[in-house]
1. Collect the residues in region 6-32 that are in contact with a helix residue (DSSP H, G or I) (Cβ under 6 Å, 6 or more places away or on another chain) and near ligand 1 (Cβ under 10 Å from one of its atoms), keeping them in residue-number order.
2. Suppose we keep only residues that are charged (D, E, K, R) and within 12 Å of ligand 2 (Cβ to nearest atom) within region 43-81. Which one would you say is farthest from Val5 (Cα to Cα)?
3. Would you please name the residue that is nearest to ligand 2 (Cβ to nearest atom), looking only at residues in region 26-39 that are over 14 Å from Met93 (Cβ atoms) and surrounded by 23 or more Cβ atoms within 10 Å (Cβ to Cβ)?
4. Tell me yes or no: at least one residue of region 82-89 is near ligand 2 (Cβ under 10 Å from one of its atoms) and surrounded by fewer than 16 Cβ atoms within 10 Å (Cβ to Cβ).
5. What number goes with the only condition from (1) exposed (fewer than 15 other Cβ atoms within 10 Å of the Cβ); (2) near ligand 1 (Cβ under 10 Å from one of its atoms); (3) not hydrophobic (A, V, I, L, M, F, W, C) that Glu75 does not pass?
6. Among the numbered criteria (1) within 20 Å of Gly98 (Cβ to Cβ); (2) within 12 Å of ligand 1 (Cβ to nearest atom); (3) surrounded by fewer than 19 Cβ atoms within 10 Å (Cβ to Cβ), which one does Pro57 miss?
7. How many residues are more than 19 Å from Gly111 (Cα to Cα), of a type in the set (A, V, I, L, M) and modelled with pLDDT of 95 or more if we restrict to region 1-22?
8. So Asn8 fits all but one of (1) closer than 24 Å to Ala91 by Cα; (2) more than 9 Å from ligand 2 (Cβ to nearest atom); (3) polar (S, T, N, Q); what number is the exception?
Amino acid sequence: MTYVVKDNCIACKYTDCVEVCPVDCFYEGENMLVIHPDECIDCGVCEPECPADAIRPDTDPGAEEWVEFNRKYSEIWPVIVTKKDQLPSAAEMDGKPGKMEIFSEAPGEGG
Ligand code: SF4
Ligand code: F3S
């Protein structure tokens, strides 16, 4: 079992989640984070910390594709363990549909 970051993180990237993860398994892209499914210990403490409600357990319907998405990018993006400012677009973009159209495969800075 694992938790996954879903598309509502895109263009928000609040990063509150990284502060509470006991195993530092969040990885940073340019405009979203992902969780490494093999490193997550399924503790669940990050889920309520996300202001965008973007973190879900893999028991959710349809979560399988998100597990693979999180795995793919966690293997190529840098780890992030320290909270930083949310993206400037966060308030405006929280909850907007169609976010995959603006998803960036580029890595973030990590840290
Ligand atoms: Fe980290 Fe726990 Fe969230 Fe997994 S469920 S990403 S171990 S805080
Ligand atoms: Fe993204 Fe929520 Fe973390 S918006 S960066 S999953 S706190």
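1. Cys17, Val20, Phe26
2. Applying the filter and picking the extreme gives Glu49.
3. Here the answer is Leu33.
4. yes
5. (2)
6. (1)
7. 1
8. The failed condition is (2).
The values are calculated or read from the model by the stated rules, or taken from the named source; none is laboratory data. Remember, predicted model here, so these are calculated numbers, not experimental data. Please note: Cβ atoms are built from the backbone with ideal geometry, for glycine as well, and neighbour counts cover all protein chains shown.
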